[in-house]
Structure formats: structure tokens, C-alpha cells
1. Kindly establish whether S230 is closer than 23 Å to A143 by Cα and not in a helix (DSSP H, G or I).
2. Looking only at the stretch 159-198, count how many residues are of a type outside the set (A, V, I, L, M), surrounded by 13 or more Cβ atoms within 10 Å (Cβ to Cβ) and outside any helix (DSSP H, G or I).
3. Output the number of residues of the stretch 38-78 satisfying the condition of being over 30 Å from R154 (Cα atoms), assigned to a loop (DSSP other than H, G, I, E, B) and either touching a residue at least 40 places away in the same chain (Cβ under 8 Å) or in contact with a helix residue (DSSP H, G or I) (Cβ under 7 Å, 6 or more places away or on another chain) (or both).
4. Under 7 Å by Cβ, and 6 or more places apart or on different chains, what pairs join a residue from the stretch 219-233 that is free of Cβ contacts under 8 Å to residues at least 60 places away in the same chain with one that is among the hydroxyl-bearing types (S, T, Y) and part of a loop (DSSP other than H, G, I, E, B)?
5. When you go through (1) free of Cβ contacts under 8 Å to residues at least 40 places away in the same chain; (2) surrounded by 15 or more Cβ atoms within 10 Å (Cβ to Cβ) one by one for V155, which number turns out not to apply?
6. Return the pairs, sorted by first residue and then second, in which the second residue is surrounded by 15 or more Cβ atoms within 10 Å (Cβ to Cβ), the first residue lies in the stretch 79-93 and is among the β-branched types (V, I, T), the beta carbons are less than 7 Å apart, and the residues are 6+ apart or on different chains.
7. Of the residues that sit in the stretch 98-131 and are in a loop (DSSP other than H, G, I, E, B) and β-branched (V, I, T), which one is surrounded by the most Cβ atoms within 10 Å (Cβ to Cβ)?
8. Out of D139, D134, which single residue is modelled with pLDDT of 95 or more, part of a loop (DSSP other than H, G, I, E, B) and either charged (D, E, K, R) or crowded, with 18+ Cβ neighbours inside 10 Å (or both)?
Amino acid sequence: GRGGPDPRRHRGGSVRIPAAFCGVFALKPTYGRVPLYPASAFGTLAHIGPMTLDARDAALMMDVISGSDARDWSQLGPVAESFRTGLDEGVRGLRVAYSPTFGGQVAVDPAVAAAVRAGVERLAALGAWVSEDDPDFTDPVDAFHTLWFSGAARVVQPLGPEARALLDPGLREVCGQGARYSALDYLAAVDTRMELGRRMGRFHERYDLLVTPTLPITAFEAGLEAPKGSGHRRWTGWTPFTYPFNLTQQPAASVPVGTDARGLPVGLQIVGPRHADALVLRAAHALYAAGAAGIAPPAL
């Protein structure tokens with residue numbers, strides 16, 4: 001909106017998280033692929049992308065929203081061809097890394113793990129070369145917190161005491177923490193981010209795509225920052241598969257691939273190297289075309 005960015009709209013998974021919880025498709029494009037104005041206080045962590053019924057609709061929407069906007073100094077500019085070009089070419093011959101837990105770093109709900117594995121097996125049946133392999137990094141949550149909390153503090157900086165008192169308690173807390181970081185803290189987090197980007201760049205020399213769960217859990221009670229009894233205080237505790245790829249600026253999609261025993265949707269995440277947005281859409285569309293993606297809406 002014209003009043004400035006909402007600090008929660010730009011969290012590290014702002015389209016993939018709700019898509020995974022709601023059983024729809026979402027694409028976080030390569031940073032700068034979709035121009036953003038007004039600029040986000042979260043800088044290059046902020047990505048704008050579509051949430052749609054399926055990957056084909058997302059490709060159509062990307063054709064509309066990925067044009068030029070001279071007000072965004074970091075935009076990538078117009079694309080050479082439609083995102084619908086080659087959408088039906090499938091995944092045969094693609095090298096796909098499947099990382100179910102980031103090398104044991106993430107505890108994944110068994111129902112989520114089973115649904116995602118079934119989706120990966122379908123990619124293999126469609127001709128992809130699938131290997132179980134993990135990206136070479138440890139959880140970059142501290143660096144992400146430094147960058148994101150600093151941005152949140154900048155967003156609320158103009159607010160007076162009365163307005164700050166109206167903020168959600170968790171948001172008010174992270175804004176206070178963000179305001180205490182030094183410039184050196186921020187630059188150290190940038191160093192961590194650059195190293196993560198380097199590692200993922202090398203990883204994608206071996207693999208065209210990376211597949212993970214979008215989230216390790218299904219939806220939980222509204223109004224909470226973290227599920228009751230999870231032991232997590234911050235939302236980053238249950239989004240370990242999403243925010244790393246805001247740091248690296250890579251395209252990443254969430255594809256609905258099933259439900260748990262309660263009928264709650266499960267998302268499979270497809271990550272590509274920077275600028276491979278069309279490839280991510282193509283792989284996601286292959287799952288839809290094969291009948292392995294998309295879930296029926298709940299009965300009312």
C-alpha cells in the first residue's frame with residue numbers, strides 16, 4: 001500500500017507459506033524479476049510473486065507482472081519470452097536433488113514427509129534424475145533474523161508510543177531487537193548471506209532443481225506465531241525450508257501434493273538457481289499435468 005510495506009507481508013515465505021497451508025500454488029520469483037514500488041524496508045529479502053490455483057495460472061500472471069518499472073532500481077527488466085513458453089516440456093532429463101530434512105537439520109511431520117516423497121517419486125517416474133542430497137549449509141537463521149528484524153525496526157521507526165502499543169507483541173519484540181543491531185552486525189549477516197549464495201550457486205552446478213517440503217508442518221491455530229507445544233518462539237522456527245531462499249534470491253515454488261490425516265494441505269517446494277523461474281514453473285506444471293498436484297477444496 002501507499003503507507004509503506006507491511007513487515008509481515010514480506011516475511012521469508014510470504015507467498016509459499018500461505019499457499020502450502022491452503023493447498024494452492026505459489027511462486028517466489030528470482031529477486032527483482034517482479035518490480036517492487038514503494039521499496040521495501042527489507043531490501044533485497046523482499047520478493048513479490050503470485051499465488052494461484054496452479055502453475056499455468058502463475059505463468060500467465062508472471063507475464064503480466066514482470067515488466068519494467070523505472071522506480072525500482074533493482075528490477076531485472078523485461079523477460080525475453082513468455083513464462084508459458086516451454087511450460088509443457090516436462091522434467092525428463094532434469095537433475096533433481098531431494099532434501100527431505102536439510103541433512104537432518106529439520107524435524108518433519110510424517111504426513112508431510114510422506115506426501116512430499118510421493119511427489120518426488122512422481123518426478124522420477126516422469127523422467128527426472130532424482131538423487132537424495134542436501135545443500136551444503138547450516139541453518140542461516142541468525143543472519144536472517146539480523147536482516148529481517150532490522151527491516152522491521154525501520155518500518156515502525158516513524159510510529160509513536162501509542163501506535164507501537166498496538167503492534168502484535170511478537171512484532172514489537174523483534175522490532176526492538178532489530179533496533180539494537182549495529183552496522184557491523186548487519187554487514188556480518190550480509191557476509192553470511194553471500195556465502196550461502198555461493199554455496200547454492202555451486203550446488204546448482206550439479207542439480208537443475210532442489211526439492212524439499214515447503215514447510216515441515218501443516219496449518220496450526222490462527223493468531224499464534226508458532227504452534228503450541230512446538231518449542232518455537234519465532235515463526236522462523238517452523239519455516240526453515242523457505243527463508244534461506246529469500247537470502248539467496250532464488251526462485252522457489254510451493255506445490256500442493258496432498259493432505260494429512262485431518263485434511264490439511266501439504267506443500268512441496270521446488271527451488272531453482274537464480275533466473276530459472278521458467279524452469280521452476282515447468283517442473284511444477286509437470287506435477288499438475290500428471291495429476292500429482294492440486295487438492296480438492298474443503299466441503300462447506
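The values are calculated or read from the model by the stated rules, or taken from the named source; none is laboratory data. Remember, predicted model here, so these are calculated numbers, not experimental data. Virtual Cβ from ideal backbone geometry, glycine too; neighbours counted across all protein chains shown.
1. In short, yes.
2. Residues in the stretch 159-198 being of a type outside the set (A, V, I, L, M), surrounded by 13 or more Cβ atoms within 10 Å (Cβ to Cβ) and outside any helix (DSSP H, G or I): 1 in total.
3. 2
4. none
5. Answer for V155: the failing condition is (1).
6. V79/S66; V91/L123; V91/L126; V91/A128; V91/A283; V91/A286
7. Among those that are in a loop (DSSP other than H, G, I, E, B) and β-branched (V, I, T), it is V108.
8. Exactly one of D139, D134 is modelled with pLDDT of 95 or more, part of a loop (DSSP other than H, G, I, E, B) and either charged (D, E, K, R) or crowded, with 18+ Cβ neighbours inside 10 Å (or both), namely D134.
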